[in-house]
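Please read the structure below before turning to the comments.
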Amino acid sequence: MSCIFCQIANKEIPSNVVYETDSLTAFRDLNPQAPVHILIVPKTHITSINDINSDNSSIVAEIFEAINKIAEQEGIKETGYRVISNCGEDGCQSVKHLHFHLMGGKKLSETLS
Ligand code: 5GP
Ligand code: ZN
């Protein structure tokens, strides 16, 4: 399996892990766009939001519970943050394994496009 986020989740390649459970891993983005820029990924391979269904959607709730905890751990819970999941070509998704960007630690751009 050549998926880079599967390899990170399986500890086959190193990453800076900040939070982990049996079903998800959170690690610092290699090319941070904000003082806090963490990626949260399911340990099982899901390609994108397009592949979330009634069989696997519980991981999304788990990821948002984790985001809440990580925001507190990173000291950005009160100052605020942004969560983004890019999907497909127009969404500029470059890694084809579902992931959520958690960004904060500064005032982010007001525009999302
Ligand atoms: P996307 O553009 O798919 O929404 O986001 C992919 C993110 O993964 C980018 O922000 C990129 O910097 C990050 N990334 C890509 N490869 C690696 C890697 O090997 N390790 C880490 N920590 N981040 C990566
Ligand atoms: Zn994968």
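The values are calculated or read from the model by the stated rules, or taken from the named source; none is laboratory data. Just so we're clear, the structure is a prediction, and the values are computed from it rather than from any experiment. Positions of Cβ are backbone-derived with ideal geometry, glycine not excepted, and every protein chain shown enters the neighbour counts.
Couple of notes before you dig in:
- Just one of the listed residues (Ile84, Ile13) is surrounded by fewer than 15 Cβ atoms within 10 Å (Cβ to Cβ) and touching a helix residue (DSSP H, G or I) at 6+ places or on another chain (Cβ under 9 Å), and it is Ile13.
Quick grid of which residues meet (1) surrounded by 17 or more Cβ atoms within 10 Å (Cβ to Cβ); (2) within 11 Å of ligand 1 (Cβ to nearest atom); (3) under 10 Å from the mean Cα position of the chain (by Cα); (4) not hydroxyl-bearing (Ser, Thr, Tyr):
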residue: Ile8; (1), (2), (3), (4): yes, yes, no, yes
residue: Val17; (1), (2), (3), (4): no, yes, no, yes
residue: Ser23; (1), (2), (3), (4): no, no, no, no
residue: Leu30; (1), (2), (3), (4): no, yes, no, yes
residue: Ala34; (1), (2), (3), (4): yes, yes, no, yes
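- Pairs, first of a type in the set (Asp, Glu) in region 24-48, second within 11 Å of ligand 1 (Cβ to nearest atom), C-beta under 8 Å, six or more apart: Asp29/His37; Asp29/Ile38; Asp29/Leu39; Asp29/His101
- Exactly one residue out of Glu78, Glu72, Glu110 is without any contact (Cβ under 8 Å) to a residue 24 or more places away in the chain, out of contact with any Pro (no Cβ under 9 Å at 6 or more places or on another chain), more than 14 Å from ligand 1 (Cβ to nearest atom) and part of a helix (DSSP H, G or I), and it is Glu72.
- Only listed residue being within 15 Å of Phe5 (Cα to Cα) and either modelled with pLDDT of 95 or more or within 16 Å of ligand 2 (Cβ to nearest atom) (or both), chosen from Ile67, Ile38, Ile59: Ile38
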